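The values are calculated or read from the model by the stated rules, or taken from the named source; none is laboratory data. Predicted model, so just to flag it, every value in this text is computed and none were measured. Ideal geometry is used to build each Cβ from the backbone, glycine not excepted, and the neighbour counts take in all protein chains shown. For accessibility, only protein heavy atoms count, side chains too; no ligands or nucleic acids. Shrake-Rupley method; radii C 1.70, N 1.55, O 1.52, S 1.80 Å.
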Amino acid sequence: MTREKMELMLSEGEGFTVEFKECVNGLNNSVFETVCSFSNRYGGYILLGVREVGGQGVVIGVNPRCVTDMKKNFVNMLNNPQKIYPSLYLNLEEMEYDGKIVLWVYVPVSSQIEFCDKKIFDRNEDADQDVSTSADLVASISNRKSSTYIERKIFPYAEREDLSVDLIGKARKMAVNRDKNHPWKDMDDMELLRSAGLYEKNRVTGEKGLNMACILLFGKKEVIQSCVPGYKTDAIYRVKNLDRYDDRLIVENNLMESYDILMQFISKHTDDRFFLIDNVNMSVRNAIAREIVSNILVHRDFGSAFPAKLIIEKDRIYTENWNRSQRIGKLELEDFTPYPKNPILAKFFINIGYADGLGSGVRNLYKFTKIYSGGEPDLEEGDVFRLTVPLITGASDDSAGKSGDLAIEDSDPAIEDSDPAIEGGDSAIAYDPRITKMINLAIEKNNFGESTKSKIDQICHSIEKGQVFGTSDIVQIIECSPSTAREILRKLRGMGVVREVKGKGKGRYVFIH
């Protein structure tokens with residue numbers, strides 16, 4: 001969410017895909033009715049802490065002390081089948097707008113009919129309409145969803161024996177490792193499949209059984225070829241033999257196994273580079289590979305025989321897959337609106353940690369590609385979706401180094417009282433390119449508003465490398481209240497660009513450089 005996009009939604013007001021909720025101190029039931037109606041219609045954005053006045057949105061802000069509880073309650077309610085069914089896996093995101101906090105969430109179209117409090121809601125202009133008692137309107141929702149999402153095709157004669165059952169247990173364990181209270185924890189295999197939308201009943205025909213999403217995730221090879229004959233992924237490594245290839249895999253395994261195979265293929269044929277992100281030394285190559293692989297496996301049209309391709313060349317990785325496009329042309333991060341091609345598969349990958357929330361994957365791809373190679377990914381919508389990630393650029397290839405280099409690192413492993421840098425330096429923080437890059441990435445990741453960006457930028461220009469500072473220094477630099485200074489300092493700590501200095505008193509910090 002950018003400030004520009006927020007301002008556009010505020011100026012245009014509520015409609016089919018935008019809803020404002022005041023919700024200053026907590027969530028009300030209408031929030032979940034809107035989640036349900038958006039899921040059943042076109043999807044859309046819900047903004048909390050916004051009041052509608054004269055057809056436009058006015059930001060009043062959410063109580064900062066209530067933010068954590070509101071985020072937690074939102075997730076809990078979406079995982080409570082008594083409130084929302086089938087479960088949705090969404091999170092409220094936080095954004096600062098003119099010094100006030102707005103919570104927002106993008107609700108994708110669900111491939112199944114969603115219920116809220118055992119009622120069915122549909123979106124009608126800017127209203128959430130209860131259509132539970134209208135057979136025609138409910139049938140319209142069902143027909144709309146069934147015709148859009150081929151992943152929901154039911155195979156009534158497919159049985160549990162057609163699946164690699166051990167992978168269901170693996171998926172359960174992965175989900176619980178991410179969330180010890182995950183609802184799959186105490187479910188048996190069939191309960192898990194029903195909860196994840198992989199076993200369902202067509203409410204128009206009465207047909208029930210395992211659907212295509214289930215077959216793709218867990219099916220044995222021969223079963224997948226029978227149910228989805230066009231499914232395969234062609235992985236090619238082409239660097240020396242440009243006419244053909246140096247290495248090639250035809251991957252026809254289920255999606256759970258294919259993910260591991262394709263991740264290993266990328267790992268085998270590309271350099272690894274480690275960077276310090278949020279004070280954690282991580283493989284950015286693996287983060288990029290995760291987004292590429294999850295995209296080509298989940299966001300494709302399985303009704304086509306067009307073979308998906310993953311090709312690694314000297315200077316790039318690119319993929320091609322058949323696509324149900326919503327638009328034609330290049331996707332730009334600034335105007336990108338997420339649209340789920342296969343919502344059941346996407347939600348499943350999110351649950352087990354193979355993907356992030358809708359839209360987050362594209363933002364991660366931009367972020368990590370810029371760190372890895374200095375370039376940007378290219379995403380092009382059309383009948384064939386094409387994704388290209390540069391591996392090297394003229395500027396970054398020399399500076400980034402070979403496998404295992406630390407491009408953004410803490411070159412000062414421990415700051416002790418005797419460290420001469422503590423006494424000050426000659427150049428400002430803003431002139432250290434590693435610090436500037438780290439701060440810019442952290443600001444981008446946290447979607448800070450312009451006012452906060454300006455304050456952080458002012459602080460970074462005023463504090464010298466190695467200078468110890470605290471709340472009182474920030475108060476003087478940006479002429480703010482102590483509470484605002486503490487909040488800014490909290491953001492700097494959360495960004496991972498400052499560390500507490502031992503022996504200099506409580507609450508004294510220095511920029512990591």
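In whole percent, how big is the carbon plus sulfur part of the accessible area of the range 170-302, probe 1.4 Å, protein atoms only?
Whole-percent figure for carbon plus sulfur exposure: 45.
Of the options Val59, Gly99, Asn29, report the single residue whose Cα projects farthest towards the positive end of the charge dipole of the range 1-105 (beta-carbon charges: Lys, Arg +1; Asp, Glu -1).
Going by the charge dipole, the pick is Asn29.
For the ranges 216-223, 484-491, what's the packing order if you count other beta-carbon atoms within 10 Å of each residue, average per peptide, and put the highest first?
216-223, 484-491
What translational D, rounded to a whole number of µm²/s, comes out for the range 6-143 from Stokes-Einstein when the hydrodynamic radius is the Kirkwood one over Cα pairs, at 4 °C and 1.567 mPa s?
86 µm²/s
If packing is taken as the average number of other Cβ atoms within 10 Å across a peptide's residues, how do 119-130, 297-308 rank, most packed first?
297-308, 119-130
To the nearest 0.05, what FRET efficiency results for Gln56 and Asn25 with a Förster distance of 25 Å applied to their C-beta separation?
It comes to 0.60.
Ranking request for peptides 367-375, 89-97: highest mean number of other beta-carbon atoms within 10 Å first, then the rest in descending order.
For the peptides 367-375, 89-97, the packing ranking is 367-375, 89-97.
Using 1/(1 + (r/R0)^6) with R0 = 25 angstrom and r between the beta carbons of Lys330 and Glu4, what's the FRET efficiency to the nearest 0.05?
Efficiency at R0 = 25 Å is approximately 0.85.
Can you give the FRET efficiency for Thr205 and Gln476, using 1/(1 + (r/R0)^6), R0 = 56 Å, r = Cβ-Cβ distance, to the nearest 0.05?
For R0 = 56 Å, the calculated efficiency reads 0.20.
Can you list, largest first and rounded to whole Å, the semi-axes you get for the range 92-219 by taking the square root of 5 times each eigenvalue of its Cα gyration tensor?
29, 25, 12
Based on the Cα gyration tensor of the range 71-161, what are the three equivalent ellipsoid semi-axes, each the root of five times an eigenvalue, rounded to whole Å and given largest first?
For the range 71-161, the semi-axes come out at 29, 19, 14 Å.
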